[in-house]
Amino acid sequence: MIKILLVDDHAVVRMGLKMLLDHHADMEVVGEASEGNEGIEKAHELKPSVVVMDLSMPHGKDGLSATSELKKQLPEVAILILTMHDDEEYLFRAIQAGASGCILKSAPHEELIQAIKSVSNGDAYLHPSATKRLMEEYLSSTREEDGDLIHLLSDREREVLTLIAKGYSNKEIGEKLAISVKTVETHKGNIMEKLHMKTRPELVAFALKKGLLGHFL
């Protein structure tokens, strides 16, 4: 069962989302909040699997600030940003804040369901056009610190990073490399620390930039 917390300043939007999500047998909306601070409090209280967070909330704490704070306090909770802005700036800011994915409010219901399932499984979710823009922007950017970071990774960490970037789950990586899930998680944590990264999309973009995936799929 995927436990979901809805954070949106519009009660009608929350009601519509709740009706949609509760219709699925493997999903349950366990709580609602109208702004970021309330969302953080409810997350501590209810321990949801996924927080669906509105990006723009004019009253109280906004979605980006709440996401950043919540990920520091409850890093195991996946956050899916819900936004009306199909813009690179918002996409990058959401990822930097620690969101596991972004989805447009105009997206079909089926896409929202898939996005929630993806982030609840520990994967990232970006709609195709957003993924393309993210990769293009990241690959065209110049980050001086990237130069030597790849050399900080051990051979095993590079293997784990490559499989993460190819979309394999921790369990699947463990099976492929004949190591435990706990060991995979340890490697992943070490990789993120060495690369100064916090999210899976950042790891994917880095792996692509360094040629670990061979070619873009």
Exercise for the section: Report yes if some residue within segment 59-72 is over 20 Å from residue 115 (Cα atoms) and of a type in the set (Asp, Glu); otherwise report no. Expected result: yes
Problem - Members of segment 193-204 found to be open to solvent by less than 40 Å² (accessible area, probe 1.4 Å) and modelled with pLDDT of 80 or more, listed by number - result: 195, 197, 199, 203, 204
Problem - Count of residues meeting criterion [touching a helix residue (DSSP H, G or I) at 6+ places or on another chain (Cβ under 9 Å) and assigned to a helix (DSSP H, G or I)] in segment 178-202 - result: 15
Completion exercise
Of (1) closer than 19 Å to residue 109 by Cβ; (2) out of contact with any strand residue (DSSP E or B) (no Cβ under 8 Å at 6 or more places or on another chain), residue 53 fails just (2)
Completion exercise
Taking segment 151-175 and keeping only residues that are free of Cβ contacts under 8 Å to residues at least 24 places away in the same chain, within 21 Å of residue 118 (Cα to Cα) and not hydroxyl-bearing (Ser, Thr, Tyr), one is left with 163, 171, 172, 173, 174, 175
Problem - Residue list for segment 54-71, restricted to those being within 18 Å of residue 92 (Cα to Cα) and among the charged types (D, E, K, R) - result: 54, 62, 69, 71
Handout entry: Flag if residue 71 is under 11 Å from residue 99 (Cβ atoms) and of a type in the set (D, E, K, R)
Key = yes
Exercise for the section: Take segment 140-177 and flag every residue that is out of contact with any helix residue (DSSP H, G or I) (no Cβ under 9 Å at 6 or more places or on another chain), modelled with pLDDT under 80 and in a helix (DSSP H, G or I). Expected result: 140, 147, 148
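The values are calculated or read from the model by the stated rules, or taken from the named source; none is laboratory data. Nothing here was measured: the structure is a model prediction, and the numbers come from that model. Quick reminder, even Gly has a Cβ in these numbers, built from the backbone with ideal geometry, and neighbours come from all protein chains shown. Heavy atoms of the whole protein, side chains included, go into the accessibility calculation; ligands, DNA and RNA do not. Shrake-Rupley method; radii C 1.70, N 1.55, O 1.52, S 1.80 Å.
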